[in-house]
1. Could you give the length gained by full extension between A:Glu152 and A:Lys200, i.e. 0.36 nm per residue of separation minus their alpha carbon distance, to one decimal place?
2. What FRET efficiency, computed as 1/(1 + (r/R0)^6) with R0 = 60 Å and r the Cβ-Cβ distance, is obtained for A:Glu12 and C:Leu218, rounded to the nearest 0.05?
3. According to a simple spin-label model (label point 7 Å from Cα along Cα-to-Cβ), what is the distance in nm between C:Ala236 and C:His184?
4. When the helix-only estimate is applied to chain C (DSSP H runs of n ≥ 4, each -39,500 (n - 2.57), divided by the residue count), what is the mean residue ellipticity at 222 nm, nearest 500 deg cm²/dmol?
5. What whole-number distance in Å separates the alpha-carbon centres of segment A:175-203 and segment C:176-224?
6. Taking the Cβ of A:Met1 as the center, what net charge do the other residues with Cβ under 13 Å away carry, scoring Lys and Arg +1 and Asp and Glu -1?
7. For the pair A:Glu94 and C:Asp162, how long in nm is the line joining their label points, each one 7 Å along Cα→Cβ?
8. If you line up the Cα atoms of segment A:75-203 on their principal axes, what length do they span on each, largest first, in Å?
Amino acid sequence: MTPAEVRAAQQEGAAVLDLRTPHPFAAEHLEGALSVQFNRADLVDRVEMVFPKDLPMIMHGEPEAIGKVAAKLLSDAGFNVQGHLEGGLKAWKEDGLPVVQLPSLDVDELKERLDEFRVVDARDPFEFKYGHVPGSGILSWTEAWYEADSAEDDPPIAVICGDEIRSVLVASILARKGKSAELVTGGMVDWVERDYPIEKGMD
Amino acid sequence: MAEYQEDKLLDARGLLCPMPIVKAGKQMRDMEDGQILKIFATDRGSIVDFPAWCEDTGNELLKWSEEDDGLVFFIKKVEEEEDW
Amino acid sequence: MIFKQFRYEPLNQASYLVGCPKAKEAFIVDPIEGLGSDFYVLEAADLGLAIVGVFETHVHADYVSCARELAEVNGCPHYLHEAAPTTYEYTAFADGDVFSVGQVDVTCLFTPGHTPEHTSYLVTDKSRSEEPWAVLTGDCLFVGDVGRPDLLVGDQALDVMDEGERAQTQFKTITERLFSLPQHVEIYPNHYGGSLCGGVNMSGKVSSTVYYETRYNLAMQKPDAGAFAEFVRDTAKPLPDDYEKIKSYNLGLIDKADLHGAGV
């Protein structure tokens, strides 16, 4: 699909799945795009756990080969794939279409500014129970698509997970729903490595 | 450090977070109490995922390490005891 | 770090991925057209890594490279030593330059002989140690053998250095630059087994160590550069088919269509 076709489909409700790694996504992505990092082994399983099967989807991979392969994998699995973005981010920008950033902060900055954010943990409940950032709440990655609308974003949300795969996904869903969300880079792995305080349990 | 002898091997390299846990859970269901599962993973999130998962399921994380080609975990299956 | 060797069996060629899971970035070294640009793109993506640099140890004469295409589709630099005589643009580096992905350093170790621009890459995983643990030796040093010095085409140096001189340079390079590395350093070559880029003693094994090759690499047991040059000439395999055509393509002198399927 050309950038203009992708934009038109987006306006009809199609979701662009950005298949790149978290950092390039945070730096710059198509407005409204959702971050779902590509791999061949389990892309289908993950998408199945997050999105409804009838959601119209468009793939954005860099290089383009990734978008093509993802489109094939997901449509073979019965997803409503409309195509992939041709020419990538470069062509999109050349056509003057909107790109946005996902603001991000590392765990050191999060610790410094903890009271300025509502920290949301994107992992599964058992992981959250085992140890999370004090005061944080849970918006599990498998629930996010359905529950993001009701998320409070004042103060803005900082999304964290183990590393970054699920946090960037949830942050991108929140942003698509118009919420103010930021990505915590390095995730709980960095938080724990620095011996920052941990809270256990469900509340 | 002691080396453990695995009964089953799970290659979760290339799986993204949290799929190594999902696959390990499936594998564990087919294993006997006390058997050891060795897991290869490349996703960095596994470092915090597997300890959490073990605490949740009662399985025992015997050892984990970072090798040149990724992360290696040894987990012993512990059957849930109803009464104790 | 993440380290992966890709073996292309039809040509006994090895290419490499060196990446950092935290930075989620990787370098590819010596990619081959036989596997193709998309292969590396998907392999890196499967590991959760974006390709941010494509390196070549030298301009190859025995297989078609896909480094230019791989760098282009990823929008990243194609790195070669500044002496590489290509007709296209690349990102030049000099001996000692260091490139990093996250915690992993790749240090350029100029190792001329097989070709005048040949460079080996020293790999250091700083998350574990400041000491290097591996060296990608390209066609300078193989397991059990050394790179042949007689496949030059289109290089300016062809005029200034004859085959014998290049063999002597090769001996000096291996002795002074590779065998002076710490003994534990692992060696990962560009070829193994039956590849025609080395001599008859090339092992089918796909890695070795500085310790082992210092002691048991037959060519390197020769007492001096002259004896070494003679030994390399006597143990050479036949010249690879179409090597002039392949090298011309890799230098940018001819188009892919002119290869007529050679070297893939």
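Taken together, the values in this text are just the output of simple stated rules run on the coordinates, not laboratory data. No experiment lies behind these values; they were computed from the predicted model shown. Here Cβ is always computed from backbone atoms with ideal geometry, including for glycine, and neighbour counts include all displayed protein chains.
1. 15.0 nm
2. 0.30
3. Inter-label distance under the simple model: 3.9 nm.
4. -6000 deg cm²/dmol
5. After rounding, the separation between the Cα centres reads 48 Å.
6. -3
7. Taking the simple label geometry, A:Glu94 and C:Asp162 are separated by 5.3 nm.
8. Between the extreme Cα coordinates on each principal axis of segment A:75-203 lie 46, 32, 28 Å.
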